[in-house]
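**Student:** Okay, here's the structure, questions in a sec.
The values are calculated or read from the model by the stated rules, or taken from the named source; none is laboratory data. Owing to the predicted nature of the structure, the values given are computational and were not obtained by experimental measurement. Positions of Cβ are generated from backbone atoms using ideal geometry, with glycine treated the same way; all protein chains shown enter the neighbour counts. Heavy atoms of the whole protein, side chains included, go into the accessibility calculation; ligands, DNA and RNA do not. Shrake-Rupley method; radii C 1.70, N 1.55, O 1.52, S 1.80 Å.
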Amino acid sequence: MDKFRMIFQFLQSNQESFMNGICGIMALASAQMYSAFDFNCPCLPGYNAAYSAGILLAPPLVLFLLGLVMNNNVSMLAEEWKRPPGRRAKDPAVLRYMFCSMAQRALIAPVVWVAVTLLDGKCFLCAFCTAVPVTVLGNGSLAPGLSPPELARLLARVPCPEIYDGDWLLAREAAVRYLRCISQALGWSFVLLTTLLAFIVRSVRPCFTQAAFLKSKYWSHYIDIERKLFDETCTEHAKAFAKVCIQQFFEAMNHDLELGHSHGALATAPASSAAPPVTDVGADEEREKLRGITDQGTMNRLLTSWHKCKPPLQLGQEEPLVGNGWAGGGPRPLRKEVATYFSKV
């Protein structure tokens, strides 16, 4: 269990590795789904192409949307895109970087599905069986004796060996080999093109726009980290608020219960038995976490203010600067900026 806990903590701390693992699992799942899928070509003119197009395009679209849904940055991107500018302007380059980063990962599973479908050849065979050159692969002298609808109806049964009865015109094995050869060629071409495109996007693009790429990457990470720290700070505040509220409730109830016995106890107890007041260190620590926000209305205004007008990305000069960092070594932590926002509202 300790090993699994360490792996889970590592994946939580490194979101990029976590999302890469999710995308890899989805890619393997898409290949497994196709192998377990029962492909049934209708073997009817006009329906074969529609059925094959649905198998080739519909599952990749579902996998792409599923990849976006499973990405935690989707809500962050939507929030950053729809929020009012307030005191912090929105950078379109950062939004584009975040969307492209999510789309690249979400496209892995659809690409695997399309590649596996083309390499298998069943979908291509069902879609283009009516386009087989009968004059080249079959008995061309008998083809003119059939009308175009009859020829199309006959060729549409090529993917279905149990109902195909046109061996006298075209050998089914020859048509299947011909179409699967083309489908596999298209499949490997698709894999090559997507690999080259991924290489260009991942390695060549930052070389031409290095400064803009680094800026977009930095602020994208900042938005993600800022959101996590804000959620953690809100969680700490909510926990402290609830704890203090519950303590006050129990203290009030205890005070009401002891009112009826206080006079008799004070009359009978000796003067030396009075206990000194005890200070609750834990309660003081919880009150410090509240940062002065001790009612529901103030907290609601704080959350609304955070959404509408986030603090500008310019840290206050509360400590002297030393070089590129703050006095005391290293850059000023982001957690302090979030905590400062809580304390000033």
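**Student:** Given the structure, is A89 exposed (fewer than 14 other Cβ atoms within 10 Å of the Cβ) and either within 24 Å of I200 (Cα to Cα) or among the small types (G, A, S) (or both)?
**Tutor:** Taking the combined requirement at face value, the residue satisfies it.
**Student:** Name, by its number, the condition in (1) at pLDDT below 85; (2) open to solvent by 70 Å² or more (accessible area, probe 1.4 Å); (3) in a helix (DSSP H, G or I); (4) out of contact with any Ser or Thr (no Cβ under 8 Å at 6 or more places or on another chain) that does not hold for F10.
**Tutor:** Of (1) at pLDDT below 85; (2) open to solvent by 70 Å² or more (accessible area, probe 1.4 Å); (3) in a helix (DSSP H, G or I); (4) out of contact with any Ser or Thr (no Cβ under 8 Å at 6 or more places or on another chain), only one is false for F10: (4).
**Student:** Let me ask something else. Of (1) over 30 Å from L107 (Cβ atoms); (2) surrounded by fewer than 16 Cβ atoms within 10 Å (Cβ to Cβ); (3) at pLDDT 90 or above, T195 satisfies all except one. Which?
**Tutor:** Condition (1) is where T195 drops out.
**Student:** While we're on this one: Could you list all residues from segment 32-86 that are surrounded by 15 or more Cβ atoms within 10 Å (Cβ to Cβ) and acidic (D, E)?
**Tutor:** Result: E80, single match.
**Student:** Take S203 and decide whether it is modelled with pLDDT of 85 or more, over 30 Å from E162 (Cα atoms) and open to solvent by less than 80 Å² (accessible area, probe 1.4 Å).
**Tutor:** no
**Student:** Would you call K243 modelled with pLDDT of 70 or more, open to solvent by 80 Å² or more (accessible area, probe 1.4 Å) and under 33 Å from the mean Cα position of the chain (by Cα)?
**Tutor:** Spelling it out, it is not the case that K243 is modelled with pLDDT of 70 or more, open to solvent by 80 Å² or more (accessible area, probe 1.4 Å) and under 33 Å from the mean Cα position of the chain (by Cα).
**Student:** Any idea which of (1) of a type in the set (A, V, I, L, M, F, W, C); (2) assigned to a helix (DSSP H, G or I); (3) out of contact with any Leu (no Cβ under 9 Å at 6 or more places or on another chain) is the one C123 doesn't satisfy?
**Tutor:** Evaluating C123 over (1) of a type in the set (A, V, I, L, M, F, W, C); (2) assigned to a helix (DSSP H, G or I); (3) out of contact with any Leu (no Cβ under 9 Å at 6 or more places or on another chain) leaves (3) as the failure.
**Student:** If F128 satisfies every condition in (1) over 30 Å from L192 (Cα atoms); (2) open to solvent by 70 Å² or more (accessible area, probe 1.4 Å) but one, which is the exception?
**Tutor:** Unmet condition: (1).
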